[in-house]
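Scroll down for the structure; my scribbles are underneath it.
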Amino acid sequence: MSRTIAIMFAACTVLGATTAQGQIKTIAGAHRTEVATVETVDVDKRRVTLRMANGHLRSVDVPEATRLAQVKVGDRVQATYYDNIIIRRKASGEADVDTLQAVATTGSSAQPGGTSATQQTVTATVERIDLEAPAIALTGPRQWRYESKVQDRNALAQLAVGDRVDITWTDATLVSVVPAAK
């Protein structure tokens, strides 16, 4: 019988207001898959050490994984990582948002695994726009600052210094474990 453990880890930033109130731009991010081999499993500490394809070791905390005791040294792990960013211009007078929420669930008995997510909503202000580079600089709560090159000049041209935006970052990882061959 094949055993598979599916574990979903996500760090999500979610927009707090409806999309009808401002323009939205989604910036597609990375999507990559890595394969690793289980080196150690510490069920008590909820930690697995993996040997990555490049030979490096990586310890991973798996607090919500179900059936962790079934994972054995030599099992193969396939992890797929996803990320993207969503930016939405806020309507005039709309309240700033700065929230953080963590969510965790476990899988069903038919499909062992677990889900862990963090959701954060952040309002930032456009401090600088450079259409030649093209690049943008933003500031937000708790003295947060961010500068980045921008691929879409047309989207950048629709913003102005002083605009307030809600930013959504989404990172997710889906991991499946396949038993080592006997």
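Residue under question is Ala102, and the condition is that it be out of contact with any helix residue (DSSP H, G or I) (no Cβ under 9 Å at 6 or more places or on another chain), at pLDDT below 90 and not in a strand (DSSP E or B); does it hold? Before you say what the answer is, go through the steps one by one.
Numbers: out of contact with any helix residue (DSSP H, G or I) (no Cβ under 9 Å at 6 or more places or on another chain): yes; at pLDDT below 90: yes; not in a strand (DSSP E or B): no.
Considered against the rule, which asks whether it is out of contact with any helix residue (DSSP H, G or I) (no Cβ under 9 Å at 6 or more places or on another chain), at pLDDT below 90 and not in a strand (DSSP E or B), Ala102 comes out as no.
Answer yes or no: is there a residue in the range 54-66 that is of a type in the set (Gly, Ala, Ser), at pLDDT below 75 and either in contact with a Leu (Cβ under 8 Å, 6 or more places away or on another chain) or farther than 24 Å from Ala180 by Cα (or both). Walk me through how you get there before you give the answer.
Going residue by residue through the range 54-66, those that are of a type in the set (Gly, Ala, Ser) are 55, 59, 65.
Filter once more, keeping what is at pLDDT below 75: 65.
Checking the rest, the ones that are also either in contact with a Leu (Cβ under 8 Å, 6 or more places away or on another chain) or farther than 24 Å from Ala180 by Cα (or both) come to none.
No: zero hits.
Among the residues of the range 55-81, write down those that are crowded, with 19+ Cβ neighbours inside 10 Å and of a type in the set (Asp, Glu).
Within the range 55-81, Glu64, Asp75 qualify.
Residue by residue through the range 28-87, note down the ones that are among the β-branched types (Val, Ile, Thr) and either touching a Cys at 6+ places or on another chain (Cβ under 9 Å) or not in a strand (DSSP E or B) (or both).
Start the filter on the range 28-87 by keeping residues that are among the β-branched types (Val, Ile, Thr), which leaves 33, 35, 37-38, 40-41, 43, 48-49, 60, 62, 66, 71, 73, 77, 80, 85-87.
If the condition is that a residue be among the β-branched types (Val, Ile, Thr) and either touching a Cys at 6+ places or on another chain (Cβ under 9 Å) or not in a strand (DSSP E or B) (or both), then Val43, Val62, Thr66, Val71, Val73 are the ones that fit.
Go through (1) modelled with pLDDT of 90 or more; (2) small (Gly, Ala, Ser); (3) part of a strand (DSSP E or B) for Ser148 and report which single condition fails.
Unmet condition: (1).
Could you tell me whether any residue of the range 129-143 is among the hydrophobic types (A, V, I, L, M, F, W, C), loosely packed, with under 15 Cβ neighbours inside 10 Å and closer than 29 Å to Val60 by Cα? It would help to see each step written out before you state the result.
Our first condition is that a residue be among the hydrophobic types (A, V, I, L, M, F, W, C); within the range 129-143, this holds for 129, 131, 133, 135-138.
Still in the running and loosely packed, with under 15 Cβ neighbours inside 10 Å: 131, 133, 135.
Going one step further and asking which of them are closer than 29 Å to Val60 by Cα, we end up with none.
No.
The values are calculated or read from the model by the stated rules, or taken from the named source; none is laboratory data. In this text the structure is predicted, and so the values were computed from the model without any measurement. Glycine gets a Cβ as well: all are built from the backbone with ideal geometry, and neighbour counts include every protein chain shown.
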